[in-house]
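Structure record follows, encoded as structure tokens.
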Amino acid sequence: MTRKLTNAQIAWRAAQDIADGAYVNLGIGFPEMVAKFQPAGREAIFHTENGILNFGEAPAPGQEDWDLINAGKKAVTLKPGAAFFHHADSFAMVRGGHLDVAILGAYQVAENGDLANWSTGPKGVPAVGGAMDLVHGAQRVAVLTDHVTKDGKPKLVKRCSLPLTGVGVVTRIYTSLAVIDVEDGHFVLREKLPAIPLDELQALTGAELHRPGPITDLTVPEL
Amino acid sequence: MTRKLTNAQIAWRAAQDIADGAYVNLGIGFPEMVAKFQPAGREAIFHTENGILNFGEAPAPGQEDWDLINAGKKAVTLKPGAAFFHHADSFAMVRGGHLDVAILGAYQVAENGDLANWSTGPKGVPAVGGAMDLVHGAQRVAVLTDHVTKDGKPKLVKRCSLPLTGVGVVTRIYTSLAVIDVEDGHFVLREKLPAIPLDELQALTGAELHRPGPITDLTVPEL
Amino acid sequence: MDKTIASTAEAVAPIRDGATVMIGGFGGSGAPIELIHALIDHGPKNLTVINNNAGNGHVGLAALIEQGLVSKLICSFPRSADPKVFTDLYLAGGIELELVPQGTLAERIRAGGAGIPAFYTPTGFGTQLAEGKRIAEFEGRSYVQERWLKADFALIKGELGDPYGNLTYRMAGRNFNPLMAMAAANTIAQVSRIVPAGDIDPEAVITPGIFVQSVIEVPRPAQEEVLNREEAAYP
Amino acid sequence: MDKTIASTAEAVAPIRDGATVMIGGFGGSGAPIELIHALIDHGPKNLTVINNNAGNGHVGLAALIEQGLVSKLICSFPRSADPKVFTDLYLAGGIELELVPQGTLAERIRAGGAGIPAFYTPTGFGTQLAEGKRIAEFEGRSYVQERWLKADFALIKGELGDPYGNLTYRMAGRNFNPLMAMAAANTIAQVSRIVPAGDIDPEAVITPGIFVQSVIEVPRPAQEEVLNREEAAYP
């Protein structure tokens with residue numbers, strides 16, 4: 001039985017929650033994978049900070065147009081019904097609450113919804129991009145993450161120790177082991193891998209997992 | 001000898017100070033006449049609050065397009081090089097200091113540059129339009145006005161008694177008798193009609209007319 | 001995705017008593033006359049309306065006011081060639097007026113759409129229209145704090161629309177329409193023509209569809225100025 | 001009116017030591033490479049540069065930094081495929097960095113252009129990037145006060161330009177360019193083609209000419225991404 005979801009599987013699970021017609025911003029990197037798992041019959045319109053709505057997949061190699069890129073500076077294509085706009089209008093969409101879902105990566109998420117995903121501390125060159133804007137305004141702010149760090153420490157914590165991206169902003173967390181909502185300052189467990197016992201999941205989580213309702217099996221296809 | 005300029009002559013005089021290539025907003029009504037006296041060889045680009053740059057004269061009767069109007073809701077035409085934009089961009093041009101000249105009418109102008117031109121008091125329906133915006137941001141804010149009210153009272157005063165449009169905003173006043181600058185809280189007389197003696201002009205003005213430099217004859221063609 | 005709706009009546013049906021409704025247009029240019037008339041037919045009461053003006057003659061916004069559906073108007077310039085409907089009601093104490101400088105009105109609406117709860121502007125400083133407002137100094141100059149404006153609905157008028165809600169506008173009919181589209185929870189756009197997705201060049205889109213909830217085709221829309229010259233009245 | 005200028009060298013000649021210069025583009029898209037290279041040839045020192053990024057490889061903004069002309073950078077994301085030039089200089093203490101969230105950067109630039117000295121945003125509240133900034137509550141939610149950004153010069157890249165300075169942009173090359181045009185005292189635009197006045201549909205103009213001081217035609221402009229794949233370096 002699956003003991004841990006791959007990044008693609010986490011992205012697949014997140015994609016199942018995107019409603020037909022939703023406006024969605026996917027963070028640079030791993031969250032970008034969500035786009036390819038959009039369920040059939042449900043159309044999501046993807047937004048990128050640098051001024052495109054309704055862009056599509058990467059072009060074939062050699063077909064790139066470097067004025068047609070996403071926030072990760074990767075070449076994209078357009079779908080019918082696309083639109084271009086400048087950066088102030090783009091972030092009006094974000095900050096003004098017009099996006100339905102923003103999906104980001106995380107270093108840490110706290111049970112009060114605080115997110116840390118832009119800086120691992122004072123060393124190196126700091127860079128924030130649009131993350132601090134994206135956590136405000138979208139109706140749902142979801143996080144995709146491994147349940148623990150590479151050395152096995154919890155990424156879901158009582159309080160973030162790393163520099164914050166936003167305060168009380170995360171609404172749902174899709175991890176390699178579970179689906180967890182943030183409600184009233186608590187982690188609420190919604191789904192978990194059948195192979196992971198509850199006490200083991202709790203031990204890998206830095207704050208209490210509340211269970212006010214039923215816990216569904218987290219089942220994801222092989223990808 | 002001319003004892004008083006007509007409105008057209010006041011507008012003509014104001015037009016002589018508009019430099020080639022200037023971006024200009026003309027207030028509704030009497031200031032709109034300035035456009036037709038633009039000196040030959042000097043091109044002014046006219047801005048209207050409702051979102052046009054580089055509009056031209058009224059179309060022939062019957063040729064009006066009611067989506068192509070100015071801030072006074074009069075039909076206009078376009079010149080080559082025109083542009084349309086929305087109201088927020090239009091007032092970004094105004095408030096952001098991008099206009100060279102705004103020319104407005106006045107009920108009263110005070111020697112400290114205060115302008116009252118939107119309300120004659122609490123009775124009736126108040127209406128302000130773009131006047132309070134236009135007095136901020138343009139490099140020069142000029143006023144066109146009769147020197148006195150219909151019943152002979154000064155319109156150039158020590159302090160405005162009517163509700164203000166803006167505080168310390170007017171830089172030059174073109175009246176039916178004179179051209180007066182506002183500098184350091186004083187009226188500075190620059191030009192006057194030769195037929196009007198200085199003491200008579202002072203008597204028709206509600207605050208002292210300073211004369212730090214030469215006073216030129218205000219000469220305007222018959223129009 | 002298909003945001004198109006068959007009729008103006010269906011489009012305005014969700015607008016309830018007490019709603020705040022932004023209505024696009026500057027005077028008659030860009031004014032969504034057919035949507036306003038559909039709203040009159042629908043008949044919600046105690047509306048707060050945000051528009052630059054207060055209507056003209058007996059059609060469009062003036063007719064909405066004349067039918068007694070508007071309890072408050074937020075505008076910059078409630079004068080026109082024939083502002084009798086609003087003037088009479090206002091002087092009789094039958095309608096509340098919040099007067100806002102035109103540029104501040106535009107910026108407050110944009111702020112509502114952009115998630116900016118407040119901003120500072122030089123406009124209005126030292127005037128009656130800044131009374132009671134917070135003042136701050138930046139680099140020695142005084143500014144007035146103004147708040148965002150949002151609405152439950154926006155009724156706007158575009159030229160082309162597509163099923164995604166992307167819009168273009170006709171000449172200076174643009175005015176407040178793109179801003180109001182941003183600032184309303186539910187933006188209803190009448191357009192002269194609905195075209196298939198992809199027919200509007202993505203570079204030519206003025207209002208991206210994310211700001212629009214419904215699109216209704218109204219071919220050959222009425223111009224308020226023309227209706228008033230014909231002395232039309234609605235209903 | 002004719003705002004066209006014959007060469008990029010002539011266009012950037014007024015830029016002096018210590019100037020604040022906004023440079024359009026997001027990564028390489030919409031980046032005015034030829035204007036930046038002309039600025040390197042011109043060679044003013046101690047520039048403060050505002051751009052979303054910190055350059056990539058050894059061309060464009062990265063080359064400007066590599067030549068030692070930039071003393072401060074205001075940006076949101078100083079990372080790229082090859083940010084070595086900036087990274088090395090920053091870690092050696094040779095360049096000052098003001099890090100600004102991307103949406104706040106865009107809004108601060110727009111505010112500079114629109115005469116809005118300050119505004120409130122939810123972005124950054126409770127984070128390091130809001131430290132020392134004024135906080136205010138509106139309807140129970142906390143917001144950070146941010147100030148406008150203006151510049152002495154903006155170097156931007158358009159697609160079409162006309163003698164009045166009206167501009168269009170190519171696809172997502174639009175990004176920060178129209179905002180920077182508004183916020184700089186002197187906006188210099190390179191365009192792929194200068195067309196006669198009237199050739200750009202007034203409804204298709206993205207940057208009205210009032211925001212632009214000079215227009216230079218640079219046919220077939222270089223793309224940073226392509227130059228870097230060729231491992232180009234400037235000068």
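Here are the numbers for the structure shown:
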| read-out | value |
| --- | --- |
| Failed criterion for B:P31 (all others in (1) over 21 Å from B:M93 (Cα atoms); (2) buried (at least 19 other Cβ atoms within 10 Å of the Cβ) hold) | (1) |
| Count of the stretch D:166-205 residues which are facing chain B (nearest Cβ under 9 Å), part of a loop (DSSP other than H, G, I, E, B) and under 17 Å from the mean Cα position of the chain (by Cα) | 0 |
| Some residue of the stretch C:62-70 being away from chain B (no Cβ under 13 Å), of a type outside the set (D, E, K, R) and more than 16 Å from the chain's Cα centre (by Cα) | yes |
| Residue match in the stretch B:8-29 (condition: on the phi < 0 side of the Ramachandran plot and modelled with pLDDT under 95) | yes |
| Evaluation of B:A110 against (1) facing chain C (nearest Cβ under 8 Å); (2) more than 13 Å from the chain's Cα centre (by Cα) (one fails), failing number | (1) |
| Residues that are within 7 Å of another protein chain (Cβ to nearest Cβ) and farther than 12 Å from C:A81 by Cβ, drawn from the stretch B:70-82 | B:L78, B:P80, B:G81, B:A82 |
| Selected residue [at the interface with another protein chain (Cβ under 7 Å from one of its Cβ atoms), under 30 Å from D:A181 (Cβ atoms), surrounded by 21 or more Cβ atoms within 10 Å (Cβ to Cβ) and of a type in the set (A, V, I, L, M, F, W, C)] from A:A92, A:A102 | A:A92 |
| Selection from the stretch D:91-110 of residues that are without any contact (Cβ under 8 Å) to a residue 24 or more places away in the chain and either at the interface with chain A (Cβ under 10 Å from one of its Cβ atoms) or polar (S, T, N, Q) (or both) | D:L91, D:G103 |
| Qualifying positions in the stretch C:117-155 - out of contact with any Gly (no Cβ under 7 Å at 6 or more places or on another chain), under 16 Å from C:E107 (Cβ atoms), in contact (Cβ under 8 Å) with a residue 24 or more places away in the chain and among the hydrophobic types (A, V, I, L, M, F, W, C) | C:A118, C:F119, C:L129, C:A151 |
| Matching entry among C:A197, C:A172 (being touching a strand residue (DSSP E or B) at 6+ places or on another chain (Cβ under 8 Å), modelled with pLDDT of 95 or more and buried (at least 24 other Cβ atoms within 10 Å of the Cβ)) | C:A172 |
| Whichever residue in the stretch C:147-165 is within 19 Å of the chain's Cα centre (by Cα) and among the acidic types (D, E) and, among such residues, is surrounded by the fewest Cβ atoms within 10 Å (Cβ to Cβ) | C:D152 |
| Residues being assigned to a helix (DSSP H, G or I), of a type in the set (A, V, I, L, M) and over 25 Å from D:V212 (Cα atoms) - total across the stretch B:1-33 | 5 |
| Residues (within 12 Å of chain B (Cβ to nearest Cβ) and touching a strand residue (DSSP E or B) at 6+ places or on another chain (Cβ under 7 Å)) located in the stretch C:128-148 | C:L129, C:A130, C:I135, C:S142, C:Y143, C:V144, C:E146 |
| Per-region count, the stretch B:38-66, residues touching a residue at least 24 places away in the same chain (Cβ under 8 Å) and either within 13 Å of chain C (Cβ to nearest Cβ) or more than 28 Å from B:A127 (Cβ to Cβ) (or both) | 11 |
| Given (1) buried (at least 23 other Cβ atoms within 10 Å of the Cβ); (2) modelled with pLDDT of 95 or more; (3) within 12 Å of another protein chain (Cβ to nearest Cβ), index of the condition A:G137 fails | (2) |
| Criterion (under 20 Å from C:A184 (Cα atoms) and within 13 Å of another protein chain (Cβ to nearest Cβ)) met by exactly one of C:N46, C:N52 | C:N52 |
| Any hit, the stretch C:7-27, residues being over 14 Å from C:L155 (Cα atoms), touching a Pro at 6+ places or on another chain (Cβ under 6 Å), modelled with pLDDT of 95 or more and outside any loop (DSSP other than H, G, I, E, B) | no |
| Qualifying positions in the stretch C:149-165 - under 16 Å from C:A204 (Cα atoms) and more than 14 Å from chain A (Cβ to nearest Cβ) | C:E159 |
| Test for B:L144: is it under 22 Å from B:G72 (Cβ atoms) and at pLDDT 95 or above | yes |
| The stretch A:117-130 residues that are facing another protein chain (nearest Cβ under 7 Å), paired with ones that are of a type in the set (D, E) and part of a loop (DSSP other than H, G, I, E, B) (beta carbon under 9 Å, 6 or more apart) | A:G129/A:E49; A:G130/A:E49 |
| Check on B:P212, in contact (Cβ under 8 Å) with a residue 24 or more places away in the chain and part of a loop (DSSP other than H, G, I, E, B) | yes |
| Selection count, the stretch B:73-89, where residues are crowded, with 22+ Cβ neighbours inside 10 Å and either part of a strand (DSSP E or B) or of a type in the set (S, T, Y) (or both) | 4 |
| Selected residue [among the hydrophobic types (A, V, I, L, M, F, W, C) and closer than 30 Å to A:P122 by Cβ] from A:L189, A:L218, A:L204 | A:L204 |
| Candidates A:G206, A:G130, A:G124, filtered to the one that is small (G, A, S) and in contact with a Gly (Cβ under 8 Å, 6 or more places away or on another chain) | A:G130 |
| Test for B:L162: is it in contact (Cβ under 8 Å) with a residue 24 or more places away in the chain and buried (at least 23 other Cβ atoms within 10 Å of the Cβ) | no |
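Conditions tested, residue by residue: (1) surrounded by fewer than 24 Cβ atoms within 10 Å (Cβ to Cβ); (2) under 20 Å from C:Y120 (Cα atoms).
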| residue | (1), (2) |
| --- | --- |
| D:Q67 | yes, no |
| D:G93 | yes, no |
| D:A106 | no, yes |
| D:P117 | yes, yes |
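A quick yes/no check of all residues on (1) at pLDDT 95 or above; (2) of a type outside the set (A, V, I, L, M); (3) within 16 Å of D:S29 (Cα to Cα):
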position: D:N53; (1), (2), (3): yes, yes, yes
position: D:N56; (1), (2), (3): yes, yes, yes
position: D:V59; (1), (2), (3): yes, no, yes
position: D:A63; (1), (2), (3): yes, no, no
position: D:E66; (1), (2), (3): yes, yes, no
position: D:V70; (1), (2), (3): yes, no, no
position: D:R79; (1), (2), (3): no, yes, yes
position: D:L89; (1), (2), (3): yes, no, no
position: D:G94; (1), (2), (3): yes, yes, no
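The values are calculated or read from the model by the stated rules, or taken from the named source; none is laboratory data. Just so you know, these numbers come straight off a predicted model, no measurement behind them. In this analysis, Cβ positions are derived from the backbone assuming ideal geometry, glycine residues included, and neighbour counts consider all displayed protein chains.
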